[in-house]
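For reference, the structure is listed below as structure tokens.
Readers should treat all values here as calculations from the given coordinates under stated rules, not as data from a laboratory. Please read these numbers as outputs of a predicted model, since none were measured by experiment. In this analysis, Cβ positions are derived from the backbone assuming ideal geometry, glycine residues included, and neighbour counts consider all displayed protein chains.
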Amino acid sequence: MLVSVDGKISTGTPDSRDFDKDLPKINGLKEGLQQYYELEKQTDLHSMNTGRVMEKIGINKRTTQPNKIPVSFVIIDNKPHLNKSGVAYLTNWLKRLYIVTTNKNHPSFRSMASNLEIIFYKEKIDFENLFQKLKSDYRIEKLTVQSGGTMNSELLRRNLIDKISIVVAPCLVGGKNTSTLVDGKSIVSEKGLKNIKSLELKKCEVLKNSYLHIVYDIRK
């Protein structure tokens, strides 16, 4: 993921603020940004994200026919944030689309796409079960999580993330309500300290234009 030095993953609180949209406008940041996108192309062929992120980047409004890519998405979407057009675009674009939802009225249920899989939970998504199912039923051995801070926190605290790969942009964003790499509930007691994950540094590469690429293993 792309983060600022102070751990932010967006330039502000509303969905209209976004690194992909805003950093190319800022001198000192736009010059080295392409390095992140080149590294992003080297991630796993299965990617997990959320419907909110898909809506934020405009998937629902895309009308041009996409070129097919060999990547599959696992999208967590309960609200739903994706609409019928968004689901159609993703199935036309991706090798395979997995929609994970608790919403029985999700627009994906009305899709006839042959490369669409719907994983439905009645009340709450059981992420341990989901990861087991992705591996056993769909043979997904490796999955890159590229979601927001709330989902990152959910998976991290359930010990479902093994490695962190981040590109640090040379900037300070600020704003206490701006999303960070890991959000979720704050720790308020000593009991909560178990949720702090220690890391083992595996790689630290200095990129051009003061960017960094850092890789950690998460100690279980």
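Worth pointing out:
- Fewest-first ranking of LEU45, LEU116, LEU172, using other Cβ atoms within 10 Å as the exposure measure: LEU172, LEU45, LEU116
- Sorting the Cα pairs of the stretch 45-145 by distance into bins of 5 Å, from 0 upward, gives 3, 13, 25, 28, 20, 9, 2, 0 percent per bin.
- Distance between the stretch 147-220 and the stretch 20-81 - C-alpha centres, whole angstrom: 19
- Reachable aspartates and glutamates, given that their alpha-carbon falls under 17 Å from the alpha-carbon of LYS208 and they are not under 8 places away in the same chain: GLU31, GLU38, GLU40
- The simple spin-label model puts a point 7 Å past each Cα toward its Cβ; for LYS68 and LYS194 those points are separated by 4.7 nm.
- Applying D = kT/(6 pi eta Rh) to the stretch 103-162, where Rh is the Kirkwood radius over alpha-carbon pairs, T corresponds to 20 °C and eta to 1.002 mPa s, the Stokes-Einstein value obtained is 161 µm²/s.
- What the pair-distance distribution of the chain shows, using all Cα-Cα distances binned every 5 Å from zero, is 1, 6, 13, 18, 19, 18, 14, 8, 3, 1, 0 percent.
- Extents of the stretch 1-79, largest first, come to 33, 29, 25 Å (Cα atoms, principal axes, whole angstrom).
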